[in-house]
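Accompanying notes for the structure given below.
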Amino acid sequence: MRYDVIVIGAGMVGTAAAWHLQNNGSNVLLLDKTLPGSETSYGNAGLIQREAVHTHPFPRQITEMVRVLPNQGTDIRYRIPALLRYHQALLQYWKYSTPTSVKKIESEWQTLIAHCTREHQVMIEASGADHLITRDGWLQLHRSEETFKKAIETAIEDRKQGVEHQVLSIDELRALEPNANFDSFVGAIHWLNSWQVSNPSALVKAYAKSFQTRQGTIIEARVNEIVQETTNSDGSDSNNSGGWKIVTDSATFYGDKLVIAAGPWSNDLIKPLGYDLPLFPMRGYHQHFKLSKENTIHHSMFDMDKGFVMGPMQQGIRITTGAEMTTMNAPKNFGQLKTVLKLARKILPLDEAVESEAWAGSRPCMPDMKPVIGPADKHDNLWFAFGHSHQGFTLGPITGRLIEELIHNKPLTVDVEPFNAQRFSK
């Protein structure tokens, strides 16, 4: 069978792109080696982050770099083979992290974040997934008076971007979450108009099911080869403007247009076509612990100074680490998670793990801290949607809407020029 559009990648971004395209008149195939929401989108902290108007620059202060070097931190760790493999991308990351560059990058990034909850709401209503959503925000905890003061100043400034917050004292924190021990903290910021998701994978699956009810097709298969067809539908030579043949381990599929939205695997798919973008993976770990009367919490809590999240999920209390700079296929290293759990257990009683082994997955990152959204430059009928770093779950629906608008030649909700794939070769 031939499809109008084939979308490769069934995480939040790819599923949202497929949903918008199918909902607006295209016959779409959503293709991935696993079921929707089973990889990177499965493992995040379960937050739709309206407050995430700032990026995460490479540390440039000497004190910060010295802090990271011992490689014992809870927020960031690294492995030497990954530093060697991705050194060029990391050098670009460092160059893009000057204050002047970050200011411009964030102004572009904010054009996407501004739409995140509204675009999720459209898909939540269409998929009947409201039971997975809580709209009373999350808590950013601070151990240091200095970082707390700076965070409050930033939060006040961020009101200009539509971000709502409330500053909480320790007593107010204890009233909000009486089961938690806040003795090591000085206060918190309650981000009010960000949303919590009790099961991130289930939300992606709900969106995918909604896509199927609109006659969209989902196939679980591993992509082995992507080939542009040599002739157009009218029989003329394509000259890099024809449709696409996707060879998988189970069958071959044909589509007029192709969207690559495979997260950290995207570069491997497009390299044979002549593209080599400076994408690098950042790994995260999480583990669930069984719920009890003693550890029940109602808000996700981010330890700002230690860089980990504790969140209430359907599966239990999810403890999510910061980032580990490593290669995609490197063996799991639970050292960071073990250190995080020592800290987390001082805040909540976490007695019994749900899984026998913690989950690990990779996020797709770009050196300028912005995703790639838009058409490819060497082939017609090819679009990219990946590289959202920690915010693919938050930005999937607005990205999906933009891909649909691009493919169907509609006015764009957001200017995608800052996110074009050609920016790294200029």
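Residues that are open to solvent by less than 50 Å² (accessible area, probe 1.4 Å), in a loop (DSSP other than H, G, I, E, B) and within 23 Å of S41 (Cα to Cα): does the stretch 389-405 have at least one? No: zero hits. Which of the residues belonging to the stretch 350-367 are surrounded by 15 or more Cβ atoms within 10 Å (Cβ to Cβ) and either without any contact (Cβ under 8 Å) to a residue 24 or more places away in the chain or touching an Asp or Glu at 6+ places or on another chain (Cβ under 9 Å) (or both)? Within the stretch 350-367, A360, G361, S362 meet the criteria. The single residue among T230, T217 that is over 30 Å from L35 (Cα atoms) and either among the hydroxyl-bearing types (S, T, Y) or buried (at least 19 other Cβ atoms within 10 Å of the Cβ) (or both) turns out to be T230.
Could you say whether any residue in the stretch 324-346 is free of Cβ contacts under 8 Å to residues at least 40 places away in the same chain, in a helix (DSSP H, G or I) and open to solvent by 30 Å² or more (accessible area, probe 1.4 Å)? Yes; the residues of the stretch 324-346 include at least one that is free of Cβ contacts under 8 Å to residues at least 40 places away in the same chain, in a helix (DSSP H, G or I) and open to solvent by 30 Å² or more (accessible area, probe 1.4 Å). Of all residues in the stretch 377-399, those satisfying the criterion of being within 17 Å of P264 (Cα to Cα) and of a type outside the set (S, T, Y) are W383, F384, A385, F386, G387, H388, H390, Q391, G392, F393, L395, G396.
With respect to the stated conditions, M366 fails to be touching a helix residue (DSSP H, G or I) at 6+ places or on another chain (Cβ under 9 Å), among the hydrophobic types (A, V, I, L, M, F, W, C) and either more than 24 Å from D415 (Cα to Cα) or modelled with pLDDT under 95 (or both). Hey, among the residues in the stretch 185-227 that are outside any strand (DSSP E or B) and over 22 Å from the mean Cα position of the chain (by Cα), which one's nearest to D4 (Cα to Cα)? The selected residue is G216.
For first residues located in the stretch 172-187 and within 19 Å of T147 (Cβ to Cβ), partners that are in a helix (DSSP H, G or I) and hydrophobic (A, V, I, L, M, F, W, C) and lie 6+ apart or on another chain with Cβ distances below 6 Å form the pairs F182/I170; F182/L173; V186/F148; G187/F148.
No other residue among P178, P264 is buried (at least 22 other Cβ atoms within 10 Å of the Cβ), out of contact with any helix residue (DSSP H, G or I) (no Cβ under 6 Å at 6 or more places or on another chain), not in a strand (DSSP E or B) and not small (G, A, S) apart from P264. Taking the stated definitions as given, is A385 at pLDDT 95 or above and either over 21 Å from T34 (Cβ atoms) or in a loop (DSSP other than H, G, I, E, B) (or both)? Considered against the rule, which asks whether it is at pLDDT 95 or above and either over 21 Å from T34 (Cβ atoms) or in a loop (DSSP other than H, G, I, E, B) (or both), A385 comes out as no.
The values are calculated or read from the model by the stated rules, or taken from the named source; none is laboratory data. The structure displayed is predicted, hence computed values, not measured ones. So basically every Cβ, Gly included, is an ideal-geometry build from the backbone, and we count neighbours across all protein chains shown. Ligands, DNA and RNA are excluded from the accessible area calculation, which covers all protein heavy atoms including side chains. Shrake-Rupley method; radii C 1.70, N 1.55, O 1.52, S 1.80 Å.
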